[in-house]
Amino acid sequence: MLKRRLFTPGPVPVPDRVRLAMAQPIINHRAADFLPVFRACREGLQRMFQTESPVLLFAASGTGAMDAAVSNLLSPDDHALVIRGGKFGERWGEICEAYGVRTTYIDVEWGKAVDPADVAAALEANPDIRAVYLQASETSTAARHPVREVAEVVHRDGDRLVVVDAITAVGVYDLPMDDWGLDVVLSGSQKAFMMPPGLAFMGVSERAQRFMQDAKCGHYYFDLEKELAVLPSDQTSWTPAVNLLVGLAEALSIILDEEGLEATFARTEKLAHATREAMGAIGLDLLAPDAPSPACTAVMVPEGVDGPALRKTLRDQYGYTVADGQGRLKGKIFRIAHLGYFDRFDTIGCIAAVEMALSSVGYVHEVGEATRTATLLLRD
Ligand SMILES: *Cc1c(COP(=O)(O)O)cnc(C)c1O
């Protein structure tokens, strides 16, 4: 018997209770019984994002919200600054360019975090920059950018937006939207929300709402002003993903009311820390040792080991699906998720499987040492 276990940083495993909630009969989204479901989602999301500002919901993957965060805020020929330190940073740039936004890049070595001083220098050299786009957690490299410090620099002078792809940060670690002065924060259902893919979320500050008024990039499906107008009456402009929202209400109550946001952050960090130490204990290097995100851990495939063969062995022989590297990191790293529905025994099991698979593909090490390290760090 082989149990299948999903350890990718999106999609993630979904708790049985959430899956059962989504199996209920479909309700009509314009009828009264939908309203309390939507309201629970809308209010729960504000608590997840730590904001008094509205948080919009879309039937889309996370990239839909990224697209809307360019098309609804800027006009062609506006100037944007993009922090490009991985696959998702590249995506910000591609979206800006698709809308004809003039884009200046800060290229950060993959696996490193951006230096806020570089952001300050770029803004000084280009005073016409209207928005700064970055990731909180660059899932492709497992590095974490210093969002708070970047936001301080962005708002030091001038009327500019800081737009944060926090798809693997909301519900992963503390990222208070209002306290840090973040103008737009995005996330998606298949990450820390313990949900299937299909929903994108977007918190929009008052400043961001002001920018929407004269943005001319053009949009139709993702019309933030239109959504903001109907949000208070617990509606969306188009048919919402009704059953996903029923599941989301359940997932939010698990996170916010049963575990609590602080405890969720602490659990995720503990799993991430134990995994990093465990990999180090058997001589493996991390891609982002200096600024690791607790969302997932990116481990370098050791010399002499074939990355794809290692992941295939892990999946087919041991049942664990971990993520490959993306773009130029394909085959060079593997990524183990910590965000969402994972407990210490899930993580210890994954670490044990990684050790076994490494041994199967010929990496010589003291088998059991990584598992032992994690066990000692995760016991009470
Ligand atoms: C998962 C993810 C996205 C969104 O990807 P989709 O496939 O569109 O859901 C965007 N940014 C980051 C950092 C992510 O981890």
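The values are calculated or read from the model by the stated rules, or taken from the named source; none is laboratory data. Keep in mind that this is a model prediction, so the values were computed, not measured. We place every Cβ from the backbone using ideal geometry, glycine too, and count neighbours over all the protein chains shown.
Tell me, yes or no, whether region 98-112 has at least one residue that is under 24 Å from L56 (Cα atoms), within 14 Å of the ligand (Cβ to nearest atom) and within 19 Å of the chain's Cα centre (by Cα). No: region 98-112 contains no residue that is under 24 Å from L56 (Cα atoms), within 14 Å of the ligand (Cβ to nearest atom) and within 19 Å of the chain's Cα centre (by Cα). Within region 129-146, the set of residues being under 19 Å from S205 (Cβ atoms) and surrounded by fewer than 24 Cβ atoms within 10 Å (Cβ to Cβ) comprises I129, R130.
Here the condition is being closer than 22 Å to F211 by Cα, touching a Leu at 6+ places or on another chain (Cβ under 9 Å) and among the aromatic types (F, W, Y); of F38, F58, it holds for F58 alone.
Between A151, A120, A136, the distinction of being within 14 Å of the ligand (Cβ to nearest atom) and in contact (Cβ under 8 Å) with a residue 24 or more places away in the chain belongs to A136 only.
Here V82 fits the description: closer than 18 Å to I167 by Cα and aliphatic (A, V, I, L, M). No other residue among L73, L123, L56, L81 is closer than 30 Å to T264 by Cα, assigned by TED's automatic domain parsing to the domain that holds S187 and among the aliphatic types (A, V, I, L, M) apart from L56.
Kindly indicate whether G44 is part of a helix (DSSP H, G or I) and within 16 Å of the ligand (Cβ to nearest atom). So G44 fails the test. Only one of the listed residues (V37, V55) is more than 16 Å from the ligand (Cβ to nearest atom), under 30 Å from E97 (Cα atoms) and either surrounded by 14 or more Cβ atoms within 10 Å (Cβ to Cβ) or aromatic (F, W, Y) (or both). That residue is V55.
In region 197-230, the qualifying residues are those that are closer than 23 Å to I27 by Cβ and touching a helix residue (DSSP H, G or I) at 6+ places or on another chain (Cβ under 7 Å), and the one that is nearest to the ligand (Cβ to nearest atom) is A200. The set of residues in region 67-87 that are buried (at least 24 other Cβ atoms within 10 Å of the Cβ) and within 9 Å of the ligand (Cβ to nearest atom) contains only G86.
Of a type in the set (V, I, T), surrounded by 19 or more Cβ atoms within 10 Å (Cβ to Cβ) and within 25 Å of I167 (Cα to Cα) - does that describe any residue in region 305-313? There is no residue in region 305-313 that is of a type in the set (V, I, T), surrounded by 19 or more Cβ atoms within 10 Å (Cβ to Cβ) and within 25 Å of I167 (Cα to Cα).
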